[in-house]
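The values are calculated or read from the model by the stated rules, or taken from the named source; none is laboratory data. Everything numeric in this text was worked out from a predicted model, so none of it was measured. Note that each Cβ is placed from the backbone with ideal geometry, even for glycine, and that neighbours are counted across all protein chains shown.
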Amino acid sequence: MTELNGTVSPAFEPVRDVVEEQLRSGAEAGFSLVVDVDGDKVVDLWGGHRDTARTQPWQRDTITNVWSITKTVTSLAALLLVDAGELDVYAPVSRYWPEFAANGKQHVEVRHLLSHTSGVSGLEHPARLEDLYDVRAAAARMAAQRPWWEPGTASGYHVLNYGHLVGELVHRLTGLPLRDFVHEHIARPVRADFRIGLPDADTVRVADVITPAADFDPSALDHDTTAFKTFIGPSFDAAAANTRAWRAADLGAANGHGNARAVAEILSPIARAGTGAHGQLLKPKTIGLVFDEQAHGADLVNGLHLRWGIGYALSDRRTLPWIPEGRIAFWGGWGGSMAIMDLDRRMTISYVMNRMGADILGSQRAAAYTTAVYRALGGGQLS
């Protein structure tokens, strides 16, 4: 029997039942799941195995690559600078990063970077994954590019370069690489076990990602599309996340390492009017910016129907019917991990796992857990 560890409040026992079924069936390998309601962790579960052979148990301090959940933390870094009065989301990017104005991008605003509407969703070809590891050089190349669509008119998911663009702003304003800013000003103050750019000493705790049966092949896309340009700029496969080079890099779009507890500790202030375990992190006015809708429609890169606010996706039942309507900001990592901040209920749901599903956003497991949480909460059942 696969061991399940942790605690749940009595009203949330049905959530434990759903998790146990996913473990029992083999759909879940190793995972962690946290539900924070106004500072109270009503669900704090972990279990399963770290490895494909299912011989190494997933421990309380196990961490894994959380893919694009990293973007939610990178967005928070930008919001901290907004809150401090150092960054204006409606200002041109070139105010802080003059080189970015090249090739017709002088009117691209900070909000466009944060909502995937900048027109710069990847590196011009030729591009290799290794190019992204030299963060400043890659950002300089992006600054020199011409946008692939008219900025601000649609979203085109910034798959691997979101952290380069937002991170360059962080660097210009603070002098710190993004990973250092996140560690010093976000993770360490709340004692969250989360890192962008993983130290070698922590690799012994890492659960390798278990990749999908078939990786995405961009060659099948129309070569004239923004999607094709993005997915070859650069192309990569999920197994890259298990390499030392990936883990050590400063990839604010995709290589954050942590677990559900760490993600919840970092993001729960968004759902709680800016208040965290150690005081006020953000002003309510700053959090309100998240809900300033920047794009609504089919994304040019991932093809999903999405509503983008500033830094986060907003609830859209057309794409994820298991997330209710309301003041909800969220995003997920490749393979199924999820971070959901529900401001109406002052609740944060964080789910991290190692066995990747096949869907672009979310998974059947994420849907099952989220649905069970809302049912257990009461008054928030999905229609």
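Key figures for this structure:
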| item | result |
| --- | --- |
| Any hit, the stretch 36-52, residues being among the β-branched types (Val, Ile, Thr), at negative phi and surrounded by fewer than 17 Cβ atoms within 10 Å (Cβ to Cβ) | yes |
| Residue list for the stretch 123-164, filter: closer than 19 Å to Ala295 by Cα, touching a residue at least 60 places away in the same chain (Cβ under 8 Å) and of a type outside the set (Val, Ile, Thr) | Trp148, Trp149, Gly152, Ala154, Ser155, Gly156, Tyr157, His158, Asn161, Tyr162 |
| All positions within the stretch 113-122 that are touching a residue at least 40 places away in the same chain (Cβ under 8 Å), within 20 Å of Leu132 (Cβ to Cβ) and assigned to a loop (DSSP other than H, G, I, E, B) | His116, Ser118, Val120, Ser121, Gly122 |
| Single residue of Ile360, Ile340 found to be part of a strand (DSSP E or B) and under 18 Å from the mean Cα position of the chain (by Cα) | Ile340 |
| Selection from the stretch 332-361 of residues that are more than 25 Å from Arg205 (Cβ to Cβ) and basic (Lys, Arg) | Arg345, Arg346 |
| Filtered residues of the stretch 276-294 (kept if crowded, with 22+ Cβ neighbours inside 10 Å and not in a loop (DSSP other than H, G, I, E, B)) | Ile287 |
| Residue match in the stretch 191-204 (condition: touching a strand residue (DSSP E or B) at 6+ places or on another chain (Cβ under 9 Å) and of a type in the set (Gly, Ala, Ser)) | yes |
| Matching residues in the stretch 247-275 - criterion: being crowded, with 21+ Cβ neighbours inside 10 Å, in contact (Cβ under 8 Å) with a residue 24 or more places away in the chain and in a helix (DSSP H, G or I) | Arg247, Ala260, Arg261, Ala262, Val263, Ala264, Glu265, Ile266, Leu267, Ser268, Ile270, Ala271 |
| Single residue of the stretch 342-381 satisfying the filter (β-branched (Val, Ile, Thr) and crowded, with 23+ Cβ neighbours inside 10 Å) that is farthest from Val18 (Cα to Cα) | Thr348 |
| Residue among Ala220, Ala227, Ala238, Ala187 that is under 18 Å from the mean Cα position of the chain (by Cα) and over 26 Å from Leu79 (Cβ atoms) | Ala238 |
| Residues (in a loop (DSSP other than H, G, I, E, B), free of Cβ contacts under 8 Å to residues at least 60 places away in the same chain and surrounded by 13 or more Cβ atoms within 10 Å (Cβ to Cβ)) located in the stretch 216-234 | Phe216, Leu221 |
| Residues of the stretch 53-86 satisfying the condition of being more than 20 Å from the chain's Cα centre (by Cα) and crowded, with 20+ Cβ neighbours inside 10 Å | Trp58 |
| Matching option when the condition is at pLDDT below 95 and more than 23 Å from Glu124 (Cα to Cα), among Ala207, Ala214 | Ala214 |
| Top-ranked residue in the stretch 49-82 [being assigned to a loop (DSSP other than H, G, I, E, B) and aliphatic (A, V, I, L, M); ranked as farthest from Asp359 (Cα to Cα)] | Ala53 |
| Contacts under 6 angstrom Cβ, first residue in the stretch 90-112 being without any contact (Cβ under 8 Å) to a residue 40 or more places away in the chain, partner part of a loop (DSSP other than H, G, I, E, B) and of a type outside the set (Lys, Arg), 6 or more apart | Ser94/Gln106 |
| Number of the exception - Ala139 against (1) part of a helix (DSSP H, G or I); (2) over 18 Å from Gly233 (Cα atoms) | (2) |
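To keep it simple, each residue is scored yes or no on (1) within 23 Å of His257 (Cα to Cα); (2) of a type in the set (Ser, Thr, Tyr).
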residue: Thr2; (1), (2): no, yes
residue: Pro10; (1), (2): no, no
residue: Arg16; (1), (2): no, no
residue: Gly30; (1), (2): yes, no
residue: Gly39; (1), (2): yes, no
residue: His49; (1), (2): yes, no
residue: Ala53; (1), (2): yes, no
residue: Trp58; (1), (2): yes, no
residue: Thr62; (1), (2): yes, yes
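This table checks each residue for (1) out of contact with any Leu (no Cβ under 8 Å at 6 or more places or on another chain); (2) of a type in the set (Gly, Ala, Ser); (3) more than 30 Å from Phe228 (Cα to Cα).
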| position | (1), (2), (3) |
| --- | --- |
| Gly303 | yes, yes, no |
| Arg307 | no, no, no |
| Ile328 | no, no, yes |
| Met341 | no, no, yes |
| Asn354 | yes, no, no |
| Ser363 | yes, yes, no |
| Ala366 | yes, yes, no |
